[in-house]
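Let me begin by presenting the structure, written as structure tokens, before commenting on it.
Read the figures in this text as sums done on the coordinates, not as results from a lab. No experiment lies behind these values; they were computed from the predicted model shown. For neighbour counting, all protein chains shown are included, and Cβ atoms are generated from backbone atoms with ideal geometry for every residue, glycine included.
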Amino acid sequence: MYTLGIETSCDETGIAVYDSQFWENNQSPHLGILGQSLYSQVKMHEEYGGVVPELASRDHVKRILPLIQSCLEESKLSISQIDNIAYTKGPGLAGALLVGSSVAKGLAFALNKKSIGIHHLEGHLLSPLLSERFQETDPKNFFPFLALLVSGGHTQIMMVKAIGDYSILGETLDDAVGEAFDKTAKLLNLPYPGGPEVSKLAQTSTTNRFKLPRPLIHSKNLDFSFAGLKTAVLTQIKQAEKEQIELDASFKADLARAFVEATVDVLQSKVEFAMRQTNCFRLVVAGGVGANIQLREKLSELTGKLPQCEILYPPTHLCTDNGVMIAFAASLRILENKQAFDTSNAFDVLPRWSLEKI
């Protein structure tokens, strides 16, 4: 069964073709990726310091059909050989989502194919199952597991009992962790996208000059709050300006280090609490921030505290938004009979869509 995946939730146009036989036959799931194309709009949005929705939507329109053609050529398939067309239904930018939905529905109608709308976060949630570590073991045995979803728009800890069976254990009360990274980058006058730049700058620091708060780290729940941490960074900058301290490269690096350390400390603490509370020690880390080096190093410490702990990351190229995760999630839902195919040709998208309601 060949599934074409279309991802247009924000500022990346992602296309992929996935062959479900590798999952179905308990083979290495990553081998089912027959082709993938991705175009990032980072350069276009750079001068604005963030994503401009109207520009993002127009660029998706420009890129999507050539990327589909490129992906099909890589997979050595024609569009007539595709069985299902999956697209990101939400959450995301409304205009961007409509581009993917309209192309998917249009192709499905014209070619008499089946279409299926997929939750963006479910794609991230399941993408670590494409890890090459499953070359000799069956990924179906990895359920149930905890999931830490960390991106520019989401910070959540979830319990994943099976495909389509998800429950939120905790989430951010304000800024998502990726959003906090981007806002801190702006305060430090770092280029867009800011998250990777903050992480990179923090690695150059050699001192512990600043001590920033760890919001909600001692709370007896699994919720997060990062808005105050960003404000603490701003407070340090204003204090330095008041005292006429030069905001040089060393100052910025030390402050970036303090911010990153506070952030990953909170994330690790919440994950450990979740494991002990649920008695589930398998963890999947998904979303763009999952590629952060300091976060991976901090979470790896859990294997020393909890010997039974297993941590799984998606392949690095699948951490950011991509078509593979949409095609893969759709394939698993179809195989498990977890979702009916779209029966309407209407361009239905859900910019705000809870993962617990899919």
For this session: Enumerate the lysines that K62 could reach by cross-link, defined here as Cα to Cα under 18 Å, with residues fewer than 8 away along the same chain left out.
Result: K43, K105
Exercise. Within the chain, what percent of beta bridges assigned by DSSP are antiparallel, to the nearest 5?
Worked result: 60 percent
Seminar exercise, completed: Per the C-alpha gyration tensor (a ≥ b ≥ c, the square roots of its eigenvalues), the range 143-313 is rounded if a/c is under 1.5, else prolate if a/b beats b/c, else oblate; here it's prolate
Problem set entry | Ordering of 202-215, 19-32 by burial proxy (mean other Cβ atoms within 10 Å per residue, highest first) | 19-32, 202-215
Problem set entry | Distant-in-sequence amide H partners of F226 (H built 1.01 Å from N, under 5 Å) | L173, D174, D175
Problem set entry | Computed E for E241/R296 - FRET, C-beta separation, R0 35 angstrom, nearest 0.05 | 0.55
For this session: Give the label of the value calculated from the structure for Cα extents along the principal axes in Å, choosing from (1) 69, 46, 31; (2) 64, 52, 40; (3) 64, 50, 44.
Result: (1)
Exercise. How far, in nm, would the chain grow between I217 and M44 when pulled straight, counting 0.36 nm per residue and subtracting the alpha carbon separation?
Worked result: 58.6 nm
Exercise. Tell me, how many Å apart are the Cα centres for the range 118-151 and for the range 73-117?
Worked result: 23 Å
Problem set entry | Mean-position separation - Cα centroids, the range 289-358 and the range 1-55, in angstrom | 12 Å
For this session: On a 0 to 90° scale, report how tilted helix 53-75 is relative to the longest principal axis of the chain, with both axes built from alpha carbons and the result rounded to the nearest 10.
Result: 50 degrees
Problem set entry | Bridge type composition, the range 143-313 - antiparallel percent by DSSP, nearest 5 | 60 percent
Problem set entry | Efficiency of FRET from Cβ geometry, Q135 and R58, R₀ 35 Å, rounded to 0.05 | 0.25
For this session: Using only Cα atoms, tell me the angle between helix 227-242 and the longest principal axis of the chain; keep it within 0 to 90° and round to the nearest 10.
Result: 40 degrees
Seminar exercise, completed: Helix 177-187 sits off the longest principal axis of the Cα atoms of the chain, rounded to the nearest 10 on a 0 to 90 degree scale, by 50 degrees
For this session: Rank by packing, highest mean first: peptides 272-283, 315-326, with packing defined as the count of other Cβ atoms within 10 Å averaged across residues.
Result: 315-326, 272-283
Seminar exercise, completed: So for R0 = 22 Å, FRET eff. of Q69-F109 from the Cβ-Cβ r, to 0.05, ends up at 0.70
For this session: Sort the range 126-166 into rounded, prolate or oblate with this rule: let a ≥ b ≥ c be the square roots of the eigenvalues of the Cα gyration tensor; rounded if a/c is under 1.5, and if a/c is not under 1.5, prolate when a/b is larger than b/c, oblate otherwise.
Result: oblate
